Each structure stands twice: as structure tokens, then as C-alpha cells.
Amino acid sequence: MADRNRKRAAQPDLAVDAAAPTGRGQTVPVLLPYPFAGPFDYRVPPAMAVAPGDVVLVPLNRRSEIGVVWDGPPDGSIGDNRLRPISGPVDAPPMRADIRQLVDWIAAYTVSPPGTVLAMALRVPAIPAEPPPVGWQRADAPPPARMTEARQRVLAALGDTHMPGPDLARAAGVSPALLRGMAAAGLLIPVALPVPPPFTRPDPDHPGPALSADQEAAAADLRTAVAAQAFSVTLLDGVTGSGKTEIYLEAIAECLRHGRQALVLLPEIALSSQWLARFERRFGVAPAVWHSDLPSRTRRITWREVAAGAAPVVVGARSALFLPFPDLGLVVVDEEHETAFKQEEGVVYHARDMAVVRARLCAAPAVLVSATPSLETIANVEAGRYHRLHLPDRFGGAKLPRVELLDLRESPPERGHFLAPKLIEAIRETFARGEQAMLFLNRRGYAPLTLCRTCGHRMQCPNCTAWLVEHRARRILQCHHCGHTIPIPAECPECKAAHSLTAVGPGVERITEEARATFPDARLLVMASDTLTGPHAAAEAARAIEAREVDLIIGTQIVAKGWHFPYLTLVGAIDADLGLAGGDLRAAERTVQLLHQVAGRAGRADAPGRVLLQTWSPEHKVMQALLSGDLESFRDNEAAERRPGNWPPYGRLAALIVSADTAEAADIAARDLGRAAPMADGILVLGPAPAPLAILRGRHRRRLLLKARRDVAVQPLIRTWLASVATGRGVRVDVDIDPVSFL
Ligand code: ADP
Ligand code: ZN
């Protein structure tokens, strides 16, 4: 990926210069934020001058649309007489050349229409700026005017300065209407008030923690990379609790010293209260935050401050990649192994990989951070493309937690229960020491399956190939794919037997019920996406845990995220085997990452941590890797298994997902695609086959998988392939380059 980008990145401004001067009668390409194949040509009106990047209004059919003047020559296929003129400019800063390159790059890499990618970069600037607030000052040479006592009070209150209208009215004890009257009489003149900058510059020399020797060595390397002001990629790989965050904050400090901007991508920005607090402790002020749930006014202000170079540090979700930094000097991707960085809807792209592209386009260093790096990143290290910094020890002498496997075949939980006796005992001991425990199960709700004891009927979603999940407190069954919800039925819908429906298997809600019964005095907190709705709830949960108002935390994968809870010493995984079902290429790798991250929450301060993994297959390579803690060997084994078959990261994968309203239409389209599959040395097309989620939201899905040697450029192959097949009405083909999900 990085290689194919080199040509463009080396000459970022050529296209701009070549197309810059515009004159009468000129034609330019304008890219619109819609899924067209490319930009459309428009005529530049005589009185207007435009350059690539300008945001403009253009007519499209009978509507007026916002677009961006694009690079390169016009397409020229539309005759002069049919060419329509640009309607006018839009009050927005031009789109920078590096963002335009990023849009083109992502479109080409993901086989997406460039306009669809543009839409992600254009969501904000189209909104006009707010006028600066207005205040009043005395007129220099006021005309003769009636001078009442109230008017004199206003002039006295103003003195020689200016004041916002409401403040002035209050200070002088007059109405706003009286101020307007004085303005009309020429006694007051309006002044634009300075807007206080919303983001204070973080102080790089605000005293931070004293780093250990290991940490300092890693920080020094990162500082050097930042000071070089050149593209590079560094993997910062250190065990959980080794202080990776503190280290990359030093890289940010260096970036600030050079007066440049820094971008940090986090996988779950709503769960980042502890991260934000840490940043404030290090720099004295908060960073700018960016994600899609921000109020639109905040988004607008943030976007413009970033564009003006006045937001020195931005921490954000995937979409922050498209912010218009004029002087980006560092890109950090924390928890780089996280699949949350893969956007699965719309433009299907991996934000970690695109962050590296972004860094390259603006000649900045990228830092990828993880205690459990992905095989993709490790392969890039081994190929010499990425540099690696490794921290083998936790900070301050804290030990990594001791991991034990609980063989459920030998010591199963009581019938109808899910906590094995040994786990219960360990939790009791933890409470007795005044410490906290955490139970992890990556499943929301009460039970994943509801089944009729009389006829065996399973409650299934009518729109998806999925069971309905019971949420007992809310008395509903719900599909976690499409949201379809029904009340829990009193009788089996199939055989009408009453009181025959029974819950099979646990979700966190059921574990909470069991924990409440087992530890009646313990204070419980559930951390799942449906109990922690939004940043405030998540911050409050973290606060309560830090303040030791909680004894037992029960959660889904949310609990694996970067949390630092000093009094948490025991972690129990209810079903360590859960992620291994399904046979996904990365199932083992992901399970190790997730469980290792959850385990890494235990014993981060003085008291040692303990981790109990409940499993039916303790001999499995994943359990053995977690037991030994030797992730390096685990990764080597995974690599050895994937290399011969050219599986990622040693080869390329691309998925085509065919979907249609009927099974027949999906089958026909998938078969036609299969017949037209490219055949060449080094590539192999697997399928079509029904997707594991064969029906999703009522659409029937089939999958094809293209596997290629690393040196094969798959995008042109796929483009030709798709163009060679005419798919029927209502059929969609989605392309997923480097697929992470195989559902
Ligand atoms: P990681 O991101 O590698 O899991 P963190 O950066 O969260 O590790 O560090 C773990 C804990 O140790 C945090 O509370 C952090 O503030 C603390 N810590 C790390 N390095 C230092 C240091 N040099 N001085 C003081 N505290 C530190
Ligand atoms: Zn559904």
C-alpha cells in the first residue's frame, strides 16, 4: 500500500500549479460529494477565478450543489454548448492539496467513487462561518444629539473601551433598544469583538512525569522522528502498563515545540475520559476533540480552528483523518490493532492504514501504538518499512498479571450458572483484600438464544440470519444486527406451549444476575454499550471505579480499552473461547489481543494482578499463548501458518459482497461475477458462497473472496472485473479491500 503511494506523494503540488491560472471561458473539473465515477466539467464564469480546492456552488440537474474544484485537466467529454457554468463561490476555506490527494488515494485504494470519499471530507466546511459577536464603543466624533441621563450612563459605563451589548445594557441599567437608538443617533458605533480562542496552546514544557530509562530512550527516538519533519512509521509496542501513553505524549510535546499540529486517533473516543485527564495533567489544558457525535456548532468551530492552525492537538475518531491541518507534524494511532478502526459502512477503509497515508502525504511521522500489535504491522516492521520500539516491562516495577486457565470440563459451574467455583473463590478473596474484580464476557443482553423446550423452536430475527437476543430488564428480544425488537412472548410462537421459552447461554446481564445472587454485598457496575450511553456515562463509571465506589465490574469488550484502575487486581473471562468460533482468518489473533488487553487491566499499580480464563479447551494455542504471555512466539506461529498460503499480511485479500432483495437475484449476480472472475498468475477467487450472515436487514448476501500475492495490484483487477458484469436491478456489490470482518 505504502509503495504505490510514493509517486503521488513525492510531487504533491505539481497538479495544483499546472491548473492554477484560469481565464475566460475556461473549463474545470468539479468533484461533487456523490457516488459518480469522477468529477464533472463546469465552465468558469468570466468574472470568476478559481483554483483547485476552491469550494463552489454548481448546478446539477435542477438543484444547486456544493463541490470542490478538482485537480487535473477537465474531462472534455461534454460539448461546449452543454457545459454549465459554476454558480459561485462558497464561503469556506479551499480544500488543501494534501486532503484532495487523500480523497483520491482512498477512492483508488478502496475502489470507491471519489465523490463518496469527498463527502466525508466535506461534511463541515460547507456550513458558513458565524459572524463574530458585535459590541459597542463611543463614536470618535459624535454628531450633536439629545443627551438624556440614560444615554450619559451608557457613555460613562463604556469609557474608552468596547463592551458586548448585553453587558453594556446591564452596566448602565438601560434596555438594548436604547443602545440601538444611540447607535442610530451616531453616538455609538459597532465593533466586532475578539473571539476568545477555543483551544489554548498546550504547554510542551508543563512539567510531566519523570520517565524511566526505558521510557526515556523510546521517547527520545520519537522526538528525533518528530524533529526530522519527515515521513516515518514507528511501532510503539510495550506491555500493558509500560507507559506507552506517557511516551507518545512526549512526541506530541516535541511536535508542539516545533509549532506544528498533532493528531491522535483513538478507537473509542467516547471511552476516553481517562486519556483526556492524562493529557491535561501532562500539558495543563485539554486538546480539541473530534468525533461524529459532537454538536454541530462545536464541530464547525473545531474544524475552522484546525484549518487556521489554532487547534494544536486533536484527538479523534476515524473521521479526524479528514481535518484540514495546515501543518500536521505527527499522527498517532493508539491501540492500532483495534478492529474499530475499520469502517465497515459506506467507504470501507481502515483508519490505521489511512493514517499512515495521511502522514506520508504531509511528510510527518506516524506512531502506531499497541501492547498487542497486529500481524500486519509486525510484517511491516519485519520488512523494514516500520521502525519498532519495544518496552518489555511495566512502569514502576508493577508485574504483569499471573494468568491461569480454568478448565470447565474439570470444574464446571453449578447447573444453570456460569461462574466456576474457583472463580467465585478468587473474587471473594479479592473483595476480602479490599480490591476490585472484573468479569469479562463479550456479549450484551441476558441470553444470546431463546429456545422452546417443548418443540425446539429458536427465536430468530425475521430480517437477518441471527437469533434474537434477550434483554430481560427491558422485557424484549432484539436483533443485534438490524435492531428488530419484540416483547418477550408468553408462549412459543410455533407450538403455542406456555412458559416453555427458555434462555440459553449468558450475556453480561445474566452474569450480573448471578453475581448479585452470589455476592449480595458487592457493589456492581455493568459496562456495556447499552448501559454506558455516551462519554458522560463512561466518564462517570471510570470515576466511580477510581473512587472505589465499585467492587465488581461486569462488561463487554468495552472493559478491554486502555483503562487504568489501580485497585483492580482480578480479571475473570467467563467464556474465553467465545471469539474462536466461526473460523475467521484472524479469530485466534483477535482472541489473544482481546483477552490479553482485558487481562492487562489487572494489577497495574502496587498490588499484583491475577487473571482467570474459563475455557473448554485449555490446550488450544490461544489459551497457551495467554498462559505463557509469550505473544511473540504466538505471532511467529500465526505468521508461519499464513505465509505459505499467501494469507494476509503476506498476501492480499479483497471481498466482494453481493446483496439483493431475493435469494435468486443474489445467486444470479454472484454466479455471473464468479464466471467473470479474473484469472492470472498469483490470484485466486474463492466463492461465491452464502455469507455467514446470509440475510441481513432483509437482503440476501453472497460473498466472493479474491486472494492475491502481495505484488499484485488488486484494485485495477477488481475495477475491470466489476465493469465486465452487468448486475440486475436492486443488486449491490460492495467491495471490501483488506477485509477484517467475514460475516
Ligand atoms: P500503557 O499505555 O502502556 O498501558 P500507561 O501509559 O497507561 O501505559 O501507563 C500506566 C500507568 O503508569 C499510568 O497511570 C501512567 O500515568 C503511569 N506512568 C507511566 N509512566 C510513568 C512515569 N514515568 N511516571 C509516573 N507515572 C507513570
Ligand atoms: Zn435482524
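The values are calculated or read from the model by the stated rules, or taken from the named source; none is laboratory data. Just so we're clear, the structure is a prediction, and the values are computed from it rather than from any experiment. Glycine also receives a Cβ, built like all others from the backbone with ideal geometry; neighbour counts cover every protein chain displayed. Please note that ligands, DNA and RNA were not included when accessible areas were found on the heavy atoms of the full protein model with its side chains. Shrake-Rupley method; radii C 1.70, N 1.55, O 1.52, S 1.80 Å.
Details
- Among (1) surrounded by fewer than 15 Cβ atoms within 10 Å (Cβ to Cβ); (2) within 18 Å of Leu330 (Cβ to Cβ), the one test that Ala219 misses: (1)
- Close pairs (7 angstrom Cβ cut-off, 6 or more residues apart or separate chains): more than 13 Å from Glu509 (Cβ to Cβ) and touching a residue at least 40 places away in the same chain (Cβ under 8 Å) in region 474-489, more than 16 Å from ligand 1 (Cβ to nearest atom) and among the charged types (D, E, K, R) anywhere: Cys482/Arg697
- Top-ranked residue in region 698-731 [being within 18 Å of Glu664 (Cβ to Cβ) and at pLDDT 95 or above; ranked as least open to solvent (accessible area, probe 1.4 Å)]: Leu704
- Counted as qualifying within region 388-466 are the strands (runs of 3 or more DSSP E) with 1 or more residues that are farther than 26 Å from Pro566 by Cα and hydrophobic (A, V, I, L, M, F, W, C), namely 449-452.
- Single residue of region 366-425 satisfying the filter (among the basic types (Lys, Arg) and within 30 Å of Asp606 (Cα to Cα)) that is surrounded by the fewest Cβ atoms within 10 Å (Cβ to Cβ): Lys399
- For region 159-178, residues that are under 49 Å from the mean Cα position of the chain (by Cα), surrounded by 14 or more Cβ atoms within 10 Å (Cβ to Cβ) and in a helix (DSSP H, G or I) total 4.
- Candidates are the residues of region 558-586 that are in a strand (DSSP E or B) and among the aliphatic types (A, V, I, L, M); the one that is surrounded by the most Cβ atoms within 10 Å (Cβ to Cβ) is Val571.
- Note on region 533-557: residues that are open to solvent by 20 Å² or more (accessible area, probe 1.4 Å), not charged (D, E, K, R) and not in a helix (DSSP H, G or I) amount to 3.
- Members of region 513-532 found to be open to solvent by 10 Å² or more (accessible area, probe 1.4 Å) and outside any loop (DSSP other than H, G, I, E, B), listed by number: Glu513, Glu514, Arg516, Ala517, Thr518, Leu524, Leu525, Val526
- Condition check for Ile558: out of contact with any Ser or Thr (no Cβ under 6 Å at 6 or more places or on another chain), at pLDDT 95 or above and either over 15 Å from Arg601 (Cβ atoms) or not acidic (Asp, Glu) (or both): no
- The residues of region 444-462 that are touching a residue at least 40 places away in the same chain (Cβ under 8 Å), of a type outside the set (Gly, Ala, Ser) and more than 16 Å from ligand 2 (Cβ to nearest atom), listed by number, are Tyr446, Leu451, Cys452, Arg453, Thr454, Cys455.
- Condition met for Ser292 (closer than 23 Å to Arg100 by Cα, touching a helix residue (DSSP H, G or I) at 6+ places or on another chain (Cβ under 8 Å) and either free of Cβ contacts under 8 Å to residues at least 24 places away in the same chain or open to solvent by 30 Å² or more (accessible area, probe 1.4 Å) (or both)): yes
- Within region 98-122, the set of residues being open to solvent by 20 Å² or more (accessible area, probe 1.4 Å) and over 17 Å from Gln343 (Cα atoms) comprises just one member, Asp104.
- Against the criterion of being over 18 Å from Ala522 (Cβ atoms), of a type in the set (Ser, Thr, Tyr), open to solvent by less than 40 Å² (accessible area, probe 1.4 Å) and not assigned by TED's automatic domain parsing to the domain that holds Leu595, Thr454 does not qualify.
- If the condition is being in contact with a helix residue (DSSP H, G or I) (Cβ under 8 Å, 6 or more places away or on another chain) and either more than 16 Å from ligand 1 (Cβ to nearest atom) or among the basic types (Lys, Arg) (or both), then region 243-255 contributes Glu254, Cys255.
- On inspection, Val611 does not qualify as open to solvent by less than 10 Å² (accessible area, probe 1.4 Å), more than 30 Å from Ala723 (Cα to Cα) and under 25 Å from the mean Cα position of the chain (by Cα).
- Residue in region 616-633 that is at pLDDT 95 or above and in contact with a Gly (Cβ under 8 Å, 6 or more places away or on another chain) present: no
- Among the residues listed as Ala317, Ala340, the single one being modelled with pLDDT under 95, over 22 Å from Ala227 (Cα atoms) and surrounded by 22 or more Cβ atoms within 10 Å (Cβ to Cβ): Ala317
- Residue count, region 607-661 (criterion: under 30 Å from Val571 (Cα atoms) and basic (Lys, Arg)): 3
- Taking region 179-218 as the range and being within 16 Å of ligand 1 (Cβ to nearest atom) and either in contact with a strand residue (DSSP E or B) (Cβ under 9 Å, 6 or more places away or on another chain) or in a loop (DSSP other than H, G, I, E, B) (or both) as the test, the residues that pass are His206, Pro207, Gly208, Pro209, Ala210, Leu211, Ser212, Asp214, Gln215, Ala217, Ala218.
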